[in-house]
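S.K.: Handing you this structure, nothing more for now.
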Amino acid sequence: MDIVYSAAVAAARKEGRALVALESTIITHGMPFPHNVETARAVEAIVRDEGAEPATIAVLGGVLHIGLEPEDLDRLGQASDGMKLSRADFAYAIATGKTGSTTVAATMIAARIAGIDVFATGGIGGVHRGAETSFDVSADLSELAQTDVIVVCAGAKAILDLPKTLEVLETNGVPVIGYGTDRLPAFWSRESGLAVPLRLDSAEAIAGHARARRDCGLSGGTLIANPIPASHEIAAGEINGYIAQALADAEAQDITGKEVTPFLLGRMFELTEGRSLTANIALVENNARLAAQIARALQS
Ligand code: PSU
Ligand code: MN
């Protein structure tokens, strides 16, 4: 299998510098152009400021890219025909020469291939509301159950069924760790109304936890839930009305499968008149900073 490392990632690997994986579905399906490309660049700059090297991951023409050159990122950010890759179709895209962005699940697989231990995203996929009839449970959860990567997120998106999402993570033995909080953050809001199962307060403590898991021979991912900065949150009381509307629209338009999450994020952008996007950018940047700090702590 061909793997292309960007020049910056190749140099970092040679020098043994800390790396942070970044997903690309947020670029192709999570944010509109040009905000998506601007955000991807800003997130990469934050990782570098913290002394680590960002590796944005995508499959371009069947080739797995670990780190995107600026022109690749530009092209991906404007492409409208790429696949949204998860575990089920990651190898298919490689085998058939397709271009696709990687979700949390596929980015974890790629990070493992490249030996990258830490990955920053916005919010993971989870159990959708109504999953008892739709069976819509994101493959991100089963990936967390089996692939050894620390995933830094701002909780699960509040469009999901958060109690069920926590149950599935618990069943699968995934540590869900609040960063500096006892409460599960809910993406756009700091507060979901739910407790987070575990808590750690520093990047060093998270690195120590990773070492303990390794010593115990425990495989699988770890989820770090890092609340959105207070200055950018949309309080739960306010966002819930928009979520209800977006979910009703998805149902009325028969949106299913892979299209559900992008549709809901797009509707939230319209309903909040762009505020959901501003919040989304702030939380991804915040997660990138922490992920870089964890990647560095893992090296010391
Ligand atoms: N977080 C964001 N925006 C996104 C996503 C996460 O801030 O677009 C993407 C991630 O790639 C995640 C995916 O893996 O949504 C979940 O999709 P699904 O629910 O179809 O598994
Ligand atoms: Mn789904």
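S.K.: Place a +1 charge on the Cβ of each Lys and Arg in the chain and a -1 charge on the Cβ of each Asp and Glu, then give the dipole magnitude about the Cα centre in debye, rounded to the nearest 20.
M.R.: About 620 debye.
S.K.: Which value in nm describes the separation of the simple spin-label points at S142 and A212, placed 7 Å from the Cα toward the beta carbon?
M.R.: 3.0
S.K.: Sticking with this structure for a sec: With no solvent and one point per C-alpha, what does the Debye sum give as log10 I(q)/I(0) for region 4-103 at q = 0.15 Å⁻¹?
M.R.: -0.56
S.K.: Along each principal axis of its Cα atoms, how long is region 65-175 end to end? Whole angstroms, biggest number first, please.
M.R.: Largest first, region 65-175 extends 41, 29, 26 Å along its Cα principal axes.
S.K.: Given K98/K258; K14/K258; K157/K258, which pairs have Cα atoms separated by over 25 Å? If you can, show how the numbers build up before the last one.
M.R.: Working: K98/K258 17 Å; K14/K258 37 Å; K157/K258 15 Å.
Cα-Cα > 25 Å for K14/K258; rest within.
S.K.: Averaged over every viewing direction, what's the projected area of the C-alpha convex hull for the chain? Give it in nm², one decimal, please.
M.R.: 14.3
S.K.: If amide hydrogens are placed 1.01 Å from N in the peptide plane, which non-local residues have theirs closer than 5 Å to the one on G67?
M.R.: Amide H neighbours of G67: S6, T56, I57, A58.
S.K.: Here is a follow-up. Could you point to the residue in I239, Q78, G180 farthest towards the positive end of the chain's charge dipole, with +1 and -1 charges on the Cβ of Lys/Arg and Asp/Glu respectively?
M.R.: Toward the positive end, the furthest listed residue is G180.
S.K.: What do you get for GluC sites (Glu not before Pro) in region 233-300 restricted to DSSP loop and a cutoff of at most 14 other Cβ within 10 Å of the site's Cβ?
M.R.: Those satisfying the criteria are E273.
S.K.: Express in nm, to one decimal, how much length is gained between E71 and E204 on full extension, taking 0.36 nm for each residue of separation and deducting their alpha carbon distance.
M.R.: Residue separation times 0.36 nm, minus the Cα-Cα distance, leaves 44.4 nm.
S.K.: Also, I was wondering about something else. Pick out the long, greasy-scoring helices in the chain: whole DSSP H runs spanning 30 Å or more along their own axis by Cα, mean Kyte-Doolittle at least 0.5.
M.R.: Qualifying helices: none.
S.K.: One-quarter of the Cα convex hull surface for region 179-223, in nm²?
M.R.: For the Cα atoms of region 179-223, the hull's average projected area reads 3.5 nm².
Taken together, the values in this text are just the output of simple stated rules run on the coordinates, not laboratory data. Owing to the predicted nature of the structure, the values given are computational and were not obtained by experimental measurement. Counting neighbours? That spans all protein chains shown, and the Cβs are built from the backbone with ideal geometry, glycine included.
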